[in-house]
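Below: the structure, in structure tokens.
The values are calculated or read from the model by the stated rules, or taken from the named source; none is laboratory data. The model shown is predicted, which means the values in this text are computed figures rather than measured ones. With ideal geometry, Cβ positions are generated from the backbone for all residues, glycine too; neighbour counts draw on all protein chains shown.
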Amino acid sequence: MTTTDATRESWLTEDGGSRRQQTRAGTFAGLAEATPIVISRDAFGATMVVLDNSGRAFMQGNAMDEATTAWVERIDPVTLECLARIDDLPGGARWPGGIGVLADGSLLAIFGNHAHRLSPELEVLAAVTLPRERPYNSFVTLPSGHVVTKDFGGTLPGAEYDPSMPGTQLLVLDPTTLAIVATCDLPERSIARLSADGDTVYVVGDTSLMRAVWNGSELVADSSFVARYRTMEGQSYGWDAVITLGAAWFLDNGDGSQNYIGTFRGVGTNTAPLHLVRVDLETAEVSLTEVCGLPGGVIANPPLIDADRRMAVGYDSGNGVLAGFAIAADGSLTPSWSVEQNHASHLILDSDNGLFLSHHHDNDRWMEQYVVRDIVTGAEVTRVDSGSLMQSVLFPAVGTDRRIYSCTFTTVSTLSW
């Protein structure tokens, strides 16, 4: 679903929609004048929270073994108390999966090479084993309700890079039965999560941005559109793409994210500077803008684009830099502000007032913090501990009653005011 599909009571999918715009109007209303409140609890293996149209909150995660199972909880949206839980959903190799609310109100959880459709009461309604023995890192939904997923083409923690790994295979699943109704093979492996705009699915490959179009019965690769972004020595692959302003926007130098040690600070090995990448969706023209110009950068998540204010936020988690850029009419970027901040997760924008949620991992105290800033100036509005010792590299969500949810691999917490 796109961002506009969601009501103020729901956050149906990661990033708020398949275009990954990470935006909700009114999210931070009143925050600047308020005293923030944080509630947190242990949630080992937690990946993300989503909320359905009635405001019920669901959290997905997985056991922390190498070849492991998934779990889903229904949680109290205020106290975070576990109200119901299903464990031991078959999974596979460990890499964060995803959960979302489908059009009929059921839940879809993908982890490892398995997909499960669950009722709101967490009963298994359908299940499927996906064909490749690799993790499938979440999914996007199309206007028809069909689900598109793919295998994760990266290097898993503790493993060696496999140069013989095949290209990406997109799968289209029936949203009720989860049967595979179509496939589409692409030449490059992909580490990033999928994005979609209507019936067009965007895939950030190892070296290029690719796309495929759903025609109602087939997912057809658009061979005329290949935008090569990986053009220099020492540069590595890109992560999730944000679709807005006629372009796909993502960050490169994702290699090294498998070296996460509770923080990304200092684990990057890429020798080329990390870039905010813009790909024009009509011409496939690529432009690269350095975030901070330093070697040793790494990221594992998307940038943030404010289409109304024409501002972009990029970051380098390896070097601890968060930066804002003004977007010109031709799509070119001009640096506006830069701060030292150990940010690594997805972001959330309030499109009404231009405030956005980021995170900071205090590596001296080993404490993750919520940090809200103004996207135009970079000015800090709020900073408060989240209760997690580990850095979040995952997905915040917007709830009701001025409430934000955030997960790390050990903790779930809420920021409210």
| query | Mind checking which pairs have a first residue in the stretch 52-77 that is farther than 12 Å from LEU122 by Cα and a second that is among the aromatic types (Phe, Trp, Tyr) and exposed (fewer than 15 other Cβ atoms within 10 Å of the Cβ), Cβ under 8 Å, 6 or more apart or different chains? | reply | GLY61/PHE44; MET64/PHE44
| Somewhere in the stretch 167-176, is a residue β-branched (Val, Ile, Thr) and assigned to a strand (DSSP E or B)? | yes
| note | Counting only strands (runs of 3 or more DSSP E) wholly inside the stretch 77-152, the ones holding at least 1 residues that are in contact with an Asp or Glu (Cβ under 7 Å, 6 or more places away or on another chain) and surrounded by fewer than 17 Cβ atoms within 10 Å (Cβ to Cβ) are 82-93
| Residue check: is SER138 in contact with a helix residue (DSSP H, G or I) (Cβ under 7 Å, 6 or more places away or on another chain), in contact (Cβ under 8 Å) with a residue 40 or more places away in the chain and under 30 Å from ASP104 (Cα atoms)? | yes
| Given the structure, is SER345 hydroxyl-bearing (Ser, Thr, Tyr), under 19 Å from LEU251 (Cα atoms) and out of contact with any helix residue (DSSP H, G or I) (no Cβ under 8 Å at 6 or more places or on another chain)? | yes
| remark: Screening PRO131, PRO166 for residues that are more than 22 Å from ASP52 (Cα to Cα) and at pLDDT below 95 leaves only PRO166
| request: Can you tell me which residue among THR200, THR177, THR263 is at pLDDT 95 or above and more than 21 Å from the chain's Cα centre (by Cα)? | output: THR177
| query | Looking at the stretch 333-417, what strands (runs of 3 or more DSSP E) fall wholly within it and have at least 1 residues that are within 19 Å of the chain's Cα centre (by Cα) and buried (at least 24 other Cβ atoms within 10 Å of the Cβ)? | reply | 355-362, 367-374, 403-407, 411-416
| request: Scan the stretch 12-48 residue by residue and report those that are touching a Pro at 6+ places or on another chain (Cβ under 6 Å) and part of a loop (DSSP other than H, G, I, E, B). | output: ARG20
| Picking from LEU51, LEU83, LEU108, LEU89, which residue would you name as being under 19 Å from the mean Cα position of the chain (by Cα), at pLDDT 95 or above and farther than 19 Å from ILE404 by Cβ? | LEU108
| said: Which pairs turn up if I take residues in the stretch 200-222 that are on the phi > 0 side of the Ramachandran plot and look for partners that are modelled with pLDDT of 95 or more with beta carbon separation below 8 Å, at least 6 apart in sequence or on another chain? | reply: GLY216/SER144
| query | In the stretch 242-261, what count of residues is obtained for those that are crowded, with 18+ Cβ neighbours inside 10 Å, in contact with a Leu (Cβ under 7 Å, 6 or more places away or on another chain) and among the small types (Gly, Ala, Ser)? | reply | 2
| task | Scan the stretch 30-65 residue by residue and report those that are touching a Cys at 6+ places or on another chain (Cβ under 7 Å) and at positive phi. | result | none
| Count of residues meeting criterion [among the charged types (D, E, K, R) and not in a loop (DSSP other than H, G, I, E, B)] in the stretch 208-233 | 2
| message | Taking the criterion of being modelled with pLDDT of 95 or more, within 17 Å of THR35 (Cα to Cα) and among the charged types (D, E, K, R), would at least one residue in the stretch 383-399 satisfy it? | response | yes
| said: Criterion first (surrounded by fewer than 22 Cβ atoms within 10 Å (Cβ to Cβ), of a type outside the set (A, V, I, L, M, F, W, C) and under 22 Å from the mean Cα position of the chain (by Cα)) does GLY324 satisfy it? | reply: no
